[in-house]
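In what follows, a single structure is set out as structure tokens and then discussed.
The numbers here are math on the coordinates, done by the rules we state, and not lab data. Owing to the predicted nature of the structure, the values given are computational and were not obtained by experimental measurement. Glycine gets a Cβ as well: all are built from the backbone with ideal geometry, and neighbour counts include every protein chain shown.
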Amino acid sequence: MKFGVLVFPGSNCDRDTYNVIAELAHQPVTFLWHDSENLENCDAIVVPGGFAYGDYLRTGAIARFSPVMQSVQKFAADGGLVLGICNGFQILCESGLLPGALMRNQGLKYICKQVHLRTETTHTPFTQRLTKGQVVKIPIGHMEGNYFCDEATLAALEGEDRIAFRYATSAGEITTEANPNGSIGNIAGVLNEGRNVLGMMPHPDRSSEALLGSSDGLAIFESMVTALAAR
């Protein structure tokens with residue numbers, strides 16, 4: 001199996017993500033440049049964090065028009081695994097691959113800190129190595145991480161078990177205090193209808209080694225490896 005990590009002008013977590021896949025998950029991985037439509041026969045795509053095109057217009061709004069994203073949209077439509085992290089989540093929402101939008105944090109400040117997430121579902125290629133209700137510690141680093149969607153979309157996400165993670169206390173309680181950015185329903189990550197696309201604001205790439213303060217994020221990459229191996 002082979003992973004592809006997208007690189008946009010302004011990406012700043014592409015090498016972190018590459019390192020996790022190559023050195024910790026021990027899988028073949030390649031960088032995929034934004035202006036190429038060639039996904040190089042990759043079996044999974046990761047859209048990393050950063051500030052694609054400087055976020056000058058709106059987070060992810062310019063990146064969605066990159067040639068590589070046209071190929072990613074087709075790849076996802078055909079059932080390919082796509083993981084969007086932070087800015088990658090924003091890009092996937094702008095591209096229509098995930099519902100909802102990411103707005104300015106409720107406090108209108110950039111937030112960079114460790115947070116706790118409660119695993120809401122394990123019926124995905126991204127969370128099958130976790131257990132339902134398991135609390136993981138994964139850091140955030142964003143200014144526009146406030147997830148929003150309309151009532152109908154929220155009802156669909158909840159009814160179809162498509163909320164992957166919620167911000168929680170270390171004990172797994174869903175509270176206002178545990179919500180760092182004001183996201184509706186404490187949502188930290190959502191899935192598409194096909195369950196093959198996940199977007200999440202927290203950074204599993206920054207929490208895959210104990211040296212970084214937590215290795216909980218590695219389970220997400222290992223879940224993807226397990227899912228690909230089973231295909």
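Computed quantities for the displayed model
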read-out: Taking the chain and dividing mean pair separation by its residue count, relative contact order in percent (alpha carbons under 8 Å, at least six apart); value: 20 percent
read-out: Sequence of R231, R64 once ranked by neighbouring C-beta atoms within 10 Å, starting from the fewest; value: R231, R64
read-out: Environment charge at V197 (Cβ cut-off 15 Å; Lys +1, Arg +1, Asp -1, Glu -1); value: -2
read-out: Listed peptides 134-143, 115-124 by packing density, highest first (mean Cβ within 10 Å); value: 115-124, 134-143
read-out: Diffusion constant of the stretch 121-231 at 37 °C, which comes from Stokes-Einstein with the Kirkwood Cα-pair radius and 0.692 mPa s, µm²/s; value: 227 µm²/s
read-out: Ranked E23, E144, criterion: other C-beta atoms within 10 Å, fewest first; value: E23, E144
read-out: Order by protection proxy (mean Cβ within 10 Å, highest first), peptides 203-209, 169-175; value: 203-209, 169-175
read-out: Structure-based [θ]222 nm, the chain - -39500 (n - 2.57) summed over DSSP H runs of at least 4, per residue, nearest 500; value: -5500 deg cm²/dmol
read-out: Fully extended contour minus Cα-Cα distance, from F65 to L108, at 0.36 nm per residue; value: 12.8 nm
read-out: Quarter of the Cα convex hull surface for the stretch 166-230, i.e. its orientation-mean projected area (nm²); value: 5.5 nm²
read-out: Lysines whose Cα lies under 18 Å from that of K113, excluding same-chain neighbours fewer than 8 positions away; value: K137
read-out: Alpha-carbon centroid distance for the pair the stretch 19-39 / the stretch 119-150, whole angstrom; value: 22 Å
read-out: Summed side-chain charge close to E23 - residues other than E23 whose Cβ falls under 15 Å, Lys, Arg +1, Asp, Glu -1; value: -3
read-out: Two-decimal Rg to Rh for the chain - Kirkwood Rh, Cα set; value: 0.92
read-out: Modelled FRET efficiency - R0 35 Å, E23 with T153, Cβ distances, 0.05 increments; value: 0.40
